[in-house]
Amino acid sequence: MKAIRIAKTGGPEVLELQDIELPPPGPVQVRVRHTVIGVNFIDTYHRSGLYPAPLPTGLGLEAAGVVEALGEKVTNLKIGDRVAYCSGPMGAYAEANNVAADRLVKIPANISDEIAAASMLKGMTAQYLLKRTFPVKPGQTILFHAAAGGVGLIACQWAKHLGAIVIGTVGSEEKVPLAKENGCTHVLNTRDANWVSRLREIAPDGVPVVYDSIGKDTWNGSLDCLAVRGTMVSYGNASGAVPAFEPGILSMKGSLYLTRPTLMHYTRTAQELQETADDLFAAISSGIVKVQVNQRFSLADARAAHVALHSRKTTGATVLIP
């Protein structure tokens, strides 16, 4: 079968389309034939080496497809089931993958494979951020970075439904209308040197929470946006890793809280995974959240997909088609 592999870390040029042989699924695994593959910023971290992985390796954590073969101990799925996953194993950039049965969820009949592959990782990230990491309450004003990105578009719609006043940030003026159409009452451009002071005009006392997937470039500004005892939710590194800092800065800026969550720790068990996915699929089915797939590439063009991600010109979700 065809699969994207990397033998060394680096830029998009290290992605190589290869013919590989997929072994039979293990006793508690199933083989999933992919129909749509999700592309996420975490894939670029694995590719670049920011998040180290043993080499050589496949890439990608998220896909939707059809069960083709069952391990001997699998009883909760059958051949032909439509399923999706988003927590690995790495290797989703391929025509098929062997996945542990307890890391798969069945796709509801009213959700397409494309929407499932585009929304599992991003949508479940939005779910745990807004409902568990810092549970958003009606009337709160929150700051959500990268509001026009894959997670941002889902999260800002969802946060508005929860009753929050959403301040979103974008990296270009062209993305402002999109953010406003998807839940943001206010939109700031982080390319503007005065974006922090503009937020303080909207929320003079600061905001109770900042959801930051940008990392290095917005770290200091995000801290300056927080209210006393506010919570900094740092869940990504799109601009690079946050530099080392003295914990005392959290005290100086208002006894702030800091957390660095990951989806893996919020979906540790099959039950947590299923409950999170059910909540997401219910939000999509009811129209609370509309998932936008705005970039599609063939599997062979995975390099181009990564170039597009790094350009910060993409909006919504990006997928690969095997």
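Computed from the coordinates by the stated procedures, all read-outs in this text should not be read as laboratory data. Here the structure is a predicted model, which is why all the values come from computation and not from measurement. Every residue, glycine as well, gets a Cβ built from its backbone with ideal geometry; the counts of neighbours run over all protein chains shown.
Values computed for the structure shown
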quantity	calculated
13 Å tail of the calculated P(r), segment 6-55, as % of Cα pairs	69 percent
GNM flexibility winner over the chain from PRO177, PRO243, PRO27 (Cα, springs under 10 Å)	PRO243
Computed E for ASP301/SER197 - FRET, C-beta separation, R0 51 angstrom, nearest 0.05	0.75
Student exercise, segment 155-235 dipole from Lys, Arg, Asp, Glu Cβ charges, in Debye to nearest 20	140 debye
Spread of Cα-to-Cα distances over 5 Å intervals beginning at zero, given as percent, for segment 138-260	2, 12, 23, 26, 22, 10, 4, 0
Separation of the ASP278 and ALA244 label points, Cα + 7 Å toward Cβ, nm	4.6 nm
Which labelled figure in (i) 1.18; (ii) 0.98; (iii) 1.00 is Rg/Rh (Cα atoms, Kirkwood Rh), once derived from the coordinates	(ii)
Inter-part distance where segment 263-322 and segment 169-185 are each reduced to a Cα centre, Å	19 Å
Cα-centred dipole magnitude for the chain, charges only on beta-carbon of K, R (+1) and D, E (-1), debye, nearest 20	340 debye
GNM top mover of MET252, MET232, MET124 - the chain, alpha-carbon springs below 10 Å	MET252
Over 31 Å between alpha carbons, listed pairs LYS253/LYS313; LYS106/LYS160; LYS2/LYS131; LYS78/LYS180	LYS253/LYS313; LYS2/LYS131; LYS78/LYS180
Selected from THR141, THR44, THR57 as most flexible by GNM, with the chain as the system and alpha-carbon contacts under 10 Å	THR57
